[in-house]
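J.: If you scroll down you'll find the structure; I have some questions about it.
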Amino acid sequence: MDNCYYAANPAPLYSQVVVRVYDKEIEILDPQRMEVIRRHPKGRMPGSLLMEPRDRIFNPSRQTDRLLARAEAIGPHTFSLCETWFTEEGRSGQRRMYGLINLVRHYPARYVEKAAELAKANGLKSSKALRRMVERMAEDEKTEPLTQDHPLIRPGEDYAVFWNQHAAGGSSRPIVTESRVKLSQVWEQASWLEVIRVFDLEVDPKRSRRDDEIWIKSPFTHEEKASMHVSLSENIFKDFSSGKGGGIMQFCREMLLQKGREMTMSEVARWMVKEGIATANHPKSLVKQKEKAANTGTNPAIKIDLRRYLRTDHPELCRRGISATTCRYLGCGFLPRRSWAKTGSPLNSRLVFQVRGVRENGQGLQPVILTHTGRALSMEQEELNGKYWSYPFKKAWEIYNQDNILLDEAALGQTNMFGLILTEGFFDVAKLVEAGCRNAVALMGNAISLGQIERLVWIRSRVRFPRILLFLDRDPAGKTGALQVRERLFHHGFPVTVFDWEQLVSFNGEKPKPIPESIKDPADMSVEQIQTLRRHGIF
């Protein structure tokens with residue numbers, strides 16, 4: 001008989017069971033009668049999961065809908081591949097979907113879409129294999145010579161239209177043409193209100209409780225009571241009566257299929273443009289709906305405070321030069337697994353940052369906890385739950401470290417004197433605070449939303465800072481983001497300067513020289529380098 005042992009943790013499909021693990025299979029038993037309920041063969045390769053189809057959960061959850069919506073925004077092949085994985089494996093296939101979709105955080109979406117197309121053609125199912133394909137494409141592009149003729153290069157006529165429109169003082173929004181449709185652009189600019197008009201859907205206005213949601217009577221089940229929920233801020237739908245869900249393009253595809261018109265995602269996108277559902281100049285576009293939600297939205301405060309569990313002695317914090325004093329000031333640190341906790345949190349074994357906001361009450365301003373965000377420390381964590389994971393939270397409504405700017409006297413004084421330093425991420429703020437620059441905040445990204453601009457206006461009404469210094473990352477995305485952020489802040493009356501990564505600086509009394517290429521963001525700088533920049537009056 002094979003060697004076996006008893007596992008204390010219950011299987012995910014049963015509430016209370018006994019699990020016996022053998023060398024080649026796993027048995028799940030009824031704890032009262034000790035009768036075998038299921039047998040599963042053990043996987044031979046790490047990460048593999050062997051399970052009978054009857055034991056898999058195939059009904060989509062809201063997380064499944066969000067994943068499919070994100071895949072839809074990348075491209076039709078990515079969406080089709082994720083849809084195939086879910087059809088074959090159910091929710092257990094979502095880990096692979098995460099691995100594929102999260103690649104767009106590090107690589108252009110066109111590489112992910114091309115890798116998905118090759119994976120479909122060759123029957124590949126490994127997210128690691130797809131990652132290697134995308135990495136190879138990125139490396140190959142760096143070595144390829146410049147060319148004027150390529151499928152990814154737009155024709156000169158498109159640039160002529162763009163120039164004529166903008167030179168004439170037209171809208172700065174991107175142009176959508178029927179001949180050349182960019183799926184992500186169509187997805188972002190599509191209007192749910194136009195979808196409702198085109199398909200003659202029936203809305204129940206009494207069920208809506210927020211400005212960014214709509215309830216519709218399901219066109220798939222012809223129900224009497226509206227049970228299809230549309231989230232304008234998330235750009236997804238969930239039909240609770242039929243179990244369908246996904247993004248706005250997926251909904252149009254399902255409706256057209258119901259009418260006997262089977263189309264690919266690219267064909268659906270062109271149809272949406274033709275019908276006026278996705279138009280750059282549409283007054284009720286999804287972009288406008290998102291900005292309206294961000295302008296009026298407020299993140300609710302939470303009662304959970306993890307600061308007492310956060311350790312400040314983790315090697316990664318030491319490597320980055322973040323001291324225990326700075327960790328306590330910002331409310332960050334390493335969150336170890338707690339053996340007494342009832343459930344395991346994705347924040348466990350991550351570097352966690354507490355995000356706080358500010359609320360007004362009778363006594364003045366008061367800090368409130370909005371969420372906790374955990375930074376992955378391993379590739380496994382990143383593939384499973386993303387590079388950053390947090391409790392439900394809209395970062396587009398907040399500015400990180402805003403509470404200290406308003407409530408800490410040292411930060412308040414520096415902000416009045418030097419202005420506000422606007423960075424991308426948590427570690428950027430931590431390194432600046434470590435160097436004594438407490439007037440630093442973060443966008444939690446390289447773009448700024450209307451809600452964050454309104455938050456800065458609110459902060460300026462209480463702290464009269466002379467200027468904003470944009471200290472975003474050195475990479476192309478950071479430089480492009482800095483120009484866009486500067487333009488948006490300028491239109492709202494903020495004096496803005498952008499940090500010049502190419503400037504000459506004299507470190508340690510040496511001859512002025514450029515900032516080393518190895519430094520890609522503020523967090524890469526040493527404390528001494530940041531203090532030198534402050535002495536020179538750069539920030």
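A quick yes/no check of all residues on (1) surrounded by 13 or more Cβ atoms within 10 Å (Cβ to Cβ); (2) farther than 24 Å from Leu407 by Cα; (3) under 20 Å from the mean Cα position of the chain (by Cα):
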residue	(1), (2), (3)
Glu434	yes, no, no
Cys437	yes, no, no
Ala442	yes, no, yes
Ser461	no, no, no
Leu469	yes, no, no
Val496	yes, no, no
Trp501	yes, yes, no
Asn508	no, yes, no
Ile515	yes, yes, no
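J.: Sort through Glu139, Glu135 and tell me the only one that's of a type in the set (D, E, K, R), under 30 Å from Asn385 (Cβ atoms), part of a helix (DSSP H, G or I) and at pLDDT below 85.
T.: Just one listed residue meets the conditions, Glu139.
J.: Mind listing just one residue for me: the one in the range 298-341 that is of a type in the set (Ser, Thr, Tyr) and not in a loop (DSSP other than H, G, I, E, B) and, of those, surrounded by the most Cβ atoms within 10 Å (Cβ to Cβ)?
T.: Thr326
J.: From Arg91, Arg39, Arg70, which residue is at pLDDT 70 or above and out of contact with any helix residue (DSSP H, G or I) (no Cβ under 8 Å at 6 or more places or on another chain)? Give the steps one after another, and end with the answer.
T.: Working: Arg91 fails: out of contact with any helix residue (DSSP H, G or I) (no Cβ under 8 Å at 6 or more places or on another chain); Arg70 fails: out of contact with any helix residue (DSSP H, G or I) (no Cβ under 8 Å at 6 or more places or on another chain).
Among Arg91, Arg39, Arg70, only Arg39 is at pLDDT 70 or above and out of contact with any helix residue (DSSP H, G or I) (no Cβ under 8 Å at 6 or more places or on another chain).
J.: Taking only pairs six or more apart or across chains, which ones have beta-carbon atoms under 7 Å, a first residue in the range 230-242 that is under 12 Å from Trp215 (Cα atoms), and a second residue that is of a type in the set (Phe, Trp, Tyr) and in a loop (DSSP other than H, G, I, E, B)?
T.: Final answer for the pair search is Asp239/Phe220.
J.: What number of residues within the range 186-200 are over 13 Å from Val230 (Cβ atoms) and surrounded by 19 or more Cβ atoms within 10 Å (Cβ to Cβ)?
T.: Final tally of qualifying residues: 3.
The values are calculated or read from the model by the stated rules, or taken from the named source; none is laboratory data. Bear in mind the structure is a predicted one, so any value in this text is a computation, not a measurement. Don't worry about glycine lacking a Cβ; one is built from the backbone with ideal geometry, like all the others, and counts go over all protein chains shown.
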